[in-house]
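Since the structure comes first, as structure tokens, the remarks are kept for the end.
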Amino acid sequence: MASEENYISQQDTEGRQNRLQINLKAAYFNYIIYSLFFIQLILNLIWVIFTELGYGYFYGLTKFYFDLEESVPTYFSAIILLLSSILLALIGNAKSKLSDPFSKHWMILSILFLILSMDEIVGFHEIIIDPMNNSFHFNGYWRFSWVIPAMIFVLFFAISYLKFLNSLTSKYKKGFIFAGFIYVLGAIVIEMFSAKIFINEKDSATDLMYNLVITLEESCEMLGVMIFISVLLSYIKSMQYKISVSIK
């Protein structure tokens, strides 16, 4: 009997040892990502000012320019999009265990944010610009013509997720809609204004108005994702969902 108790006790101890529990303080985490964003924003604005004064490459500040593909802000955007995907997957996994009818909706959102994260680095959406412009001669506000299929996708996606949104409490429903609005405002609406004043890659990078519009555009995108992360963390906290990793 004693040996059996010792065996059970040993199993329990090993079980606890083989489980890594991660405690994430939402307020502290939000503080970190918002602080990192504002640091990048300030450095980007310094670069914009220095560029206007003729010192655009001053001490490597170019790497904080919001319109540069291989830059700190680009990787930061990709990371927070990936983080959103992970949080959505965690919620989706918990919902599926509870046989929630909207568990698939959470997982589809997770996949979507994973694709957005990869696109931030690779730039899939830019592939269709030249073929569309060559075929339909888009210019002006529609110069970055990828926004056209993007607008259609957003419309149909929003309609298909109405029941999902209505299943949420008012707090999270408003939070999701607000975060999505800010993100789409930057990614599509302000993108169209930047297309209107775009000259070419070389000259636009030194144009003050273009750089300010780009700063607003990218800021809205990052803020939209960060707001979404804050809402997701709050939602997970309301579920009392514990994140743990089992090591076997």
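The values are calculated or read from the model by the stated rules, or taken from the named source; none is laboratory data. Keep in mind the model is a prediction, meaning the values are calculated, not measured. We place every Cβ from the backbone using ideal geometry, glycine too, and count neighbours over all the protein chains shown.
Quick notes
- Filter result for I129 (within 30 Å of S234 (Cα to Cα) and either touching a residue at least 12 places away in the same chain (Cβ under 8 Å) or surrounded by 19 or more Cβ atoms within 10 Å (Cβ to Cβ) (or both)): no
- Of the residues examined, L81 is one that is buried (at least 16 other Cβ atoms within 10 Å of the Cβ), under 28 Å from N211 (Cα atoms) and under 22 Å from the mean Cα position of the chain (by Cα).
- Residues being touching a helix residue (DSSP H, G or I) at 6+ places or on another chain (Cβ under 6 Å) and surrounded by fewer than 19 Cβ atoms within 10 Å (Cβ to Cβ) - total across the stretch 173-187: 2
- Pairs meeting the criteria (first residue in the stretch 227-239 and among the basic types (K, R), second residue modelled with pLDDT under 95, beta carbons under 9 Å, at least 6 apart or on different chains) are K237/A26.
- The stretch 91-111, residues that are within 16 Å of the chain's Cα centre (by Cα) and in contact (Cβ under 8 Å) with a residue 12 or more places away in the chain: W106, M107, L109, S110, I111
- Of the numbered criteria (1) outside any helix (DSSP H, G or I); (2) within 21 Å of E69 (Cα to Cα); (3) not hydroxyl-bearing (S, T, Y), the one L114 fails is (1).
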